[in-house]
Amino acid sequence: MNASKHKALLKALHYIKELKKEKNLTVVDVHTHPHDVMGALHQSEHCGCSGAVDFYKGSILEFFKYGKIVTIVSPLYYKIVPNSVHAIIRSTYETTDKKRFSEEMETSLIDMSFLLPVNPWADTEPILQEYQSSKHIIFHSPDIHNKDERTLVDEIRSYRTRGVIGLKLHPNLQCFLPQPSQNTPALRSKLKAI
């Protein structure tokens, strides 16, 4: 981050801090992924921030800035190395924890976060155990492929009684199509049930 962008960021944060004081403003991050896609700072984004910083080097896709080369090469790459996405996510975000999460919320002036785990990378149970507080609104991400319909429904009910308020499903990452009717009959039935 260049000096002018850094100065603008600091000015914006100061303005938000003043609004929070004067107007009793609450800042809510409605899309946070603990244990998978939060906590890493790309080397290009470093702004001299204090505190622990992980420099995320990025994947081959980011190296090519998601351009035409990536559009042509990535389907082949992921056919040859199908588990590479999972490995990149796990290795990049394995160092996140509640302390780190709280520090990032404080630095970003965030008062409350919606926590959206995406199964299988981040399971709901550890998120619920580690992050349950008035500052976190937790969603459940069911494992729609490896659990039967009845288990899924029971699990969702159980989580609701424990304070989980909704579901997080991600068709691309969890390998299903957004419209239940476009999936296999078994997966269609599970999606309709949940």
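The values are calculated or read from the model by the stated rules, or taken from the named source; none is laboratory data. All figures in this text were calculated on a predicted structure; none of them were measured in a lab. Positions of Cβ are generated from backbone atoms using ideal geometry, with glycine treated the same way; all protein chains shown enter the neighbour counts. The protein model used for the area step is the full one, side chains on, heavy atoms only, and it has no ligands, DNA or RNA in it. Shrake-Rupley method; radii C 1.70, N 1.55, O 1.52, S 1.80 Å.
Odds and ends about this structure:
- Consider segment 18-56 and keep the residues that are surrounded by 13 or more Cβ atoms within 10 Å (Cβ to Cβ) and of a type in the set (D, E, K, R). The one that is modelled with the highest pLDDT is 20.
- Taken across segment 119-126, residues that are farther than 26 Å from residue 189 by Cα, modelled with pLDDT under 90 and within 17 Å of the chain's Cα centre (by Cα) do occur, with at least one present.
- Conditions (1) under 30 Å from residue 21 (Cβ atoms); (2) modelled with pLDDT of 95 or more; number of the one not met by residue 161: (1)
- Scanning segment 180-194 for residues that are in contact with a helix residue (DSSP H, G or I) (Cβ under 9 Å, 6 or more places away or on another chain) and over 20 Å from residue 120 (Cβ atoms) yields 180, 181, 182, 188, 189, 192.
- In summary, residue 193 fulfils each of the numbered conditions (1) touching a strand residue (DSSP E or B) at 6+ places or on another chain (Cβ under 7 Å); (2) in contact (Cβ under 8 Å) with a residue 40 or more places away in the chain; (3) loosely packed, with under 15 Cβ neighbours inside 10 Å with the single exception of condition (1).
- Candidates are the residues of segment 60-82 that are modelled with pLDDT under 65 and of a type in the set (Phe, Trp, Tyr); the one that is surrounded by the most Cβ atoms within 10 Å (Cβ to Cβ) is 64.
- Restricted to helices (runs of 4 or more DSSP H) entirely inside segment 88-184, those with at least 1 residues that are over 19 Å from residue 194 (Cα atoms), among the charged types (D, E, K, R) and open to solvent by 50 Å² or more (accessible area, probe 1.4 Å) are 98-107, 124-131.
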